[in-house]
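The values are calculated or read from the model by the stated rules, or taken from the named source; none is laboratory data. Quick caveat, the model's predicted, so the values are computed rather than measured. Heads up, the Cβs are rebuilt from the backbone with ideal geometry, glycines too, and the neighbour counts pull from every protein chain shown.
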Amino acid sequence: MYNVPLTIALLILGGLDAAAVLIYDGQIGTTGLPPFPIALTLHTLATVLALLCLLVYPPFKNRPGNGTYAVLLSLFFYLTPVIGPLACSVLILTNSSRGNRQEKDGRFILGNPLLEHPERGPAMKRTPYPPIAHQLSAGQTSLLRQSVLRLKRQVSLKEVRLLRALQEYEDAHVQLTAQGILAAIVERLEDQLQKARALVEECPKAAQAHIRLVEVLLHAHAVGVYSEDEAHRLLEEAVARVDTGLHSCPESGRLLYLKALCLLKAGRTDAIPDLYGRLLALPHAKKWATAVEMEYFARIGNWQRGTETFRRALVEGHQLPQGAQLFWLYPRTLITTNA
C-alpha cells in the first residue's frame, strides 16, 4: 500500500480544513480576531501543503504528468473545502489498492501503459529503404527482393521502367518477381479495357462510357508496359474512340479535351487550335479549354506562355493536367522553344 502515508497526510490536512470552516462559522476561535481572514489563511495553507505533498511524495515524484496531476487535485482541494480533501484521499487510496500495474517500483503512471511501461523497451525505429534505383545500381540483392514487391502498388511509366531493368538483374528471384508483376499489370489493363469496351457497346450514346474507354486507352499507352507497336495501336484506337464519342456527344468538353490529348500524344499539334476554339464556344467548358492550353504549351515547350496559362489556371481554380505537371517537374525532358 504505497499511497497510505500520502492518504493519511491528506486526511490530516482535511482536518485542518475542517477547523478553518468551524472558525469561519464562529464555533471555535477567539472573539477578538476576525474569523474570515483566519479561516481563509488556514484553508490556503492546507491547500499549499497538499500540493507540496503530492509533488514531493517519493512514489509520485518522478512519474510522468505528476505536476499536472498535483495541480488538478490541489485545485479541487481548494474549491471544495472538507469535501475536497476527503475525495482526494479516496482517489489516492484507490489508485494504490487497484493492484498497481507498476508494483515493482511503486509508481502509478498516467497515460497509455503500453507506451510508458518501465519494462517496455524503446520503440522500434524502422530504417528507411533507399530508392529502388539506388539498390539496383548498388547491387543490393537482399533489399531488392523485398522492395520489388512495392512496385505493384501503382502503375506508372517510372515503375514499369524499373521493372524492365529488374528483369535483366542477375538474381533469378528478382527477375521472376519483376516479370510476374509486369504480367499482372498487363492482365489488369486488359481487363479494364475489356470492361470499358463492353460499357461502350451497352451504352453507345453515353458520354461517360466513351470518356472511360478513352482514358483507359491513354493510360495503357502512357504506362509503357506494351511494345512500341501495341502502344501505337492503342493510341490510334483512342483517337477513333474519341471521334465516335464526339459523334454521339458533340458538346462534351471532356471528350474534346481527350481528343486534344490524343492528338498531342500523336504529335499532331496543328489540329489543337480548332479544338481549342470549339471548347471556348461551349458553355461550362472553360476549364477544359484551359487544360488543353496548358497541355499544348507544355508539349511544345513554350515556357513563357505555359507560365501565364498556369497562373491563370491557379486563379480560376483549375487543376494542372498531367502533361503540364511533367513540364514543370522535368522541363529539360521536353523541347524548349519560345515559338
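Tabulated data for the structure shown
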{"item": "Near pairs, Cβ below 8 angstrom, 6+ apart or cross-chain, from region 186-209 (touching a residue at least 12 places away in the same chain (Cβ under 8 Å) and closer than 22 Å to ALA222 by Cβ) to any residue that is of a type in the set (Phe, Trp, Tyr) and surrounded by 11 or more Cβ atoms within 10 Å (Cβ to Cβ)", "result": "VAL186/TYR226"}
{"item": "Where HIS210 falls short, out of the listed (1) over 32 Å from the mean Cα position of the chain (by Cα); (2) modelled with pLDDT under 90", "result": "(2)"}
{"item": "From the options ALA220, ALA240, ALA260, ALA209, residue that is closer than 22 Å to ARG150 by Cα and not charged (D, E, K, R)", "result": "ALA220"}
{"item": "VAL214 vs. criteria closer than 21 Å to LYS195 by Cβ, surrounded by 19 or more Cβ atoms within 10 Å (Cβ to Cβ) and of a type in the set (Val, Ile, Thr)", "result": "yes"}
{"item": "Residues located in region 26-68, provided they are at pLDDT below 75 and in a helix (DSSP H, G or I)", "result": "PRO58, PRO59, PHE60, LYS61, ASN66"}
{"item": "LEU246 under 20 Å from ILE211 (Cα atoms), in the same structural domain as ALA222 (by TED's automatic domain parsing) and surrounded by fewer than 23 Cβ atoms within 10 Å (Cβ to Cβ)", "result": "yes"}
{"item": "Only one of LYS152, LYS158, LYS104 that is modelled with pLDDT under 70 and among the charged types (D, E, K, R)", "result": "LYS104"}
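Table: residues versus (1) crowded, with 19+ Cβ neighbours inside 10 Å; (2) of a type outside the set (S, T, N, Q).
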residue: SER156; (1), (2): no, no
residue: GLN167; (1), (2): no, no
residue: LEU176; (1), (2): no, yes
residue: LEU182; (1), (2): yes, yes
residue: ILE185; (1), (2): yes, yes
residue: GLN194; (1), (2): no, no
